[in-house]
Amino acid sequence: MPTTAIIIGAGPAGCAVAIALADRGHRASLIGAAGVRRTWAGETLPPGAGDLVTSLFGDQVLDDAVHNPAYGVRAAWGSDDLTTTDFIAHPDGDGWHLDRAAFDARLAQTAAARGVEVITDHVRTVTRDGDQWEVAASDRSLRGEWVVDATGRGGGPFRSLAGAKHVYDQQVALVALAQRGRSALAMTTIETVPDGWWYSTPLPDGRVVMALVTDSDLAPQGDARAPWWHTRLRASRHISRLGEFPSATPPTVHAAGTGHRDRLWGEGWALAGDAAISWDPLSSQGLVTAILMGSRLGAAIGRCSTGDSDALPEWERDYFMLRDEHLGLRSYYWSTEERWIGHAFWDRRRGVSPS
Ligand SMILES: Cc1cc2nc3c(=O)[nH]c(=O)nc-3n(C[C@H](O)[C@H](O)[C@H](O)COP(=O)(O)OP(=O)(O)OC[C@H]3O[C@@H](n4cnc5c(N)ncnc54)[C@H](O)[C@@H]3O)c2cc1C
């Protein structure tokens, strides 16, 4: 029996859920916020993720006229020197440096082409009426048996149903775009510093993202933030050489914490992507997991509507297994940086209490 689902948020997770449902003959409406100007964090798809994207969405999504191949990662982590991981030796080949706005727009177009009703609007309220949900956006209302919250890290309509949010850190990324410097390469560069770690990623439009990941309480607020950030950029050994700023551009602040909700689904609702579990940006895992588990969620809702009561518990169990692996890997990477003793960002990650 086909079901009707309303998916809120037309990012990678929402598109993956909607397409998986439509492919199985269900009625999926995808509502994405209109006119939202977003700044992107310079996302990279790691090796292998391109194959997943192509297998789920088709080969028109990763157009190499729009996105650039990523040839590796260089990291000064645990040492002043850069160590290069070149993807040429990787069995899954290169990764991708994405134009995120173009990537998301292409996913939404693909969803429309696969039979999803794509609506550009902003959801205001979600209410339960008998066994249906009523989703009210700015310009219209929709009714459906299922609602999926794929609105990203902010926490959307199911905050209370999904229980507490477990947060493992208070990370933020302070992100600015620079002109590409002479030393910039087609790879991401990472460098640890006393206040956290920097990354720089080339964008397909020729600029570079320069981002400092730190804890929210360690960076000053307001007008003091930009000079603090630029001072730390100049003090970095490698990152400072990769981009050039015409002026002291202020960084934008992106939430970059790791966390998850208590429950990822309930009667007629589920969470997808960062709304369910958000990952440390160090892992470059956010997009690929949002897409993989979003697609699996669409399949699980389809199974559930035919009376398969195991589908959603299995999906949630696997999602939490990924979280456990992620937390283990994150701890391992932190343990390999043994410098910066006495600095709050690193002491917290070693379990040292502040004195
Ligand atoms: C600093 C940083 C660096 C990162 N680097 C990488 C990386 O290199 N590689 C990687 O794979 N991942 C990376 N990530 C993670 C990645 O950005 C996210 O995991 C990914 O965007 C999650 O996709 P999503 O669809 O769940 O959410 P989002 O991409 O946040 O999409 C949510 C969508 O919902 C819409 N929305 C919100 N509220 C409403 C509403 N009320 N009504 C309608 N629409 C709404 C938003 O406009 C948005 O389009 C990084 C994250 C950060 C913070």
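Quick note: the coordinates plus some simple rules give every number you see, no bench work behind them. For clarity, every value in this text was computed on a predicted model and none was experimentally measured. FYI the Cβ positions are ideal-geometry reconstructions off the backbone, even for glycines, and counts take in every protein chain you see.
Can you tell me which residue is farthest from the ligand (Cβ to nearest atom) among those in the range 232-251 that are surrounded by 16 or more Cβ atoms within 10 Å (Cβ to Cβ) and among the hydroxyl-bearing types (Ser, Thr, Tyr)?
Of everything passing the filter in the range 232-251, 240 is farthest from the ligand (Cβ to nearest atom).
Scanning the range 190-201 for residues being within 13 Å of the ligand (Cβ to nearest atom) and within 19 Å of residue 235 (Cβ to Cβ) gives a total of 6.
Among the listed residues 54, 39, which satisfies the condition of being within 21 Å of residue 98 (Cα to Cα) and assigned to a loop (DSSP other than H, G, I, E, B)?
None of the other options fit; the residue is 39.
Exactly one residue out of 262, 280 is in contact with a His (Cβ under 9 Å, 6 or more places away or on another chain), farther than 28 Å from residue 78 by Cβ and in contact (Cβ under 8 Å) with a residue 60 or more places away in the chain, and it is 262. Taking the numbered list (1) buried (at least 22 other Cβ atoms within 10 Å of the Cβ); (2) of a type outside the set (Val, Ile, Thr); (3) closer than 22 Å to residue 73 by Cα in turn, residue 229 passes all entries but (3).
Can you name every one of the strands (runs of 3 or more DSSP E) wholly within the range 88-189 that holds 3 or more residues which are within 16 Å of the ligand (Cβ to nearest atom), of a type in the set (D, E, K, R) and free of Cβ contacts under 8 Å to residues at least 12 places away in the same chain?
none
Kindly provide the set of residues from the range 7-64 that are among the β-branched types (Val, Ile, Thr), surrounded by fewer than 23 Cβ atoms within 10 Å (Cβ to Cβ) and more than 11 Å from the ligand (Cβ to nearest atom), ordered by number. Across the range 7-64, the qualifying residues are 54, 61.
From the list 255, 272, the lone residue that is surrounded by fewer than 19 Cβ atoms within 10 Å (Cβ to Cβ), within 12 Å of the ligand (Cβ to nearest atom), in contact (Cβ under 8 Å) with a residue 40 or more places away in the chain and under 22 Å from residue 167 (Cβ atoms) is 255. Of note, residue 309 does not satisfy the criterion of being surrounded by 19 or more Cβ atoms within 10 Å (Cβ to Cβ), more than 25 Å from the chain's Cα centre (by Cα), of a type in the set (Gly, Ala, Ser) and more than 14 Å from the ligand (Cβ to nearest atom). Candidates in the range 109-118 are the residues that are surrounded by fewer than 19 Cβ atoms within 10 Å (Cβ to Cβ) and on the phi < 0 side of the Ramachandran plot; of these, the one that is nearest to the chain's Cα centre (by Cα) is 109. Among the listed residues 259, 302, 298, which satisfies the condition of being among the small types (Gly, Ala, Ser) and touching a Ser or Thr at 6+ places or on another chain (Cβ under 6 Å)? One residue alone meets the criteria, 259. Taking the conditions (1) at positive phi; (2) within 17 Å of the chain's Cα centre (by Cα); (3) not polar (S, T, N, Q) in turn, residue 72 satisfies each one other than (2).
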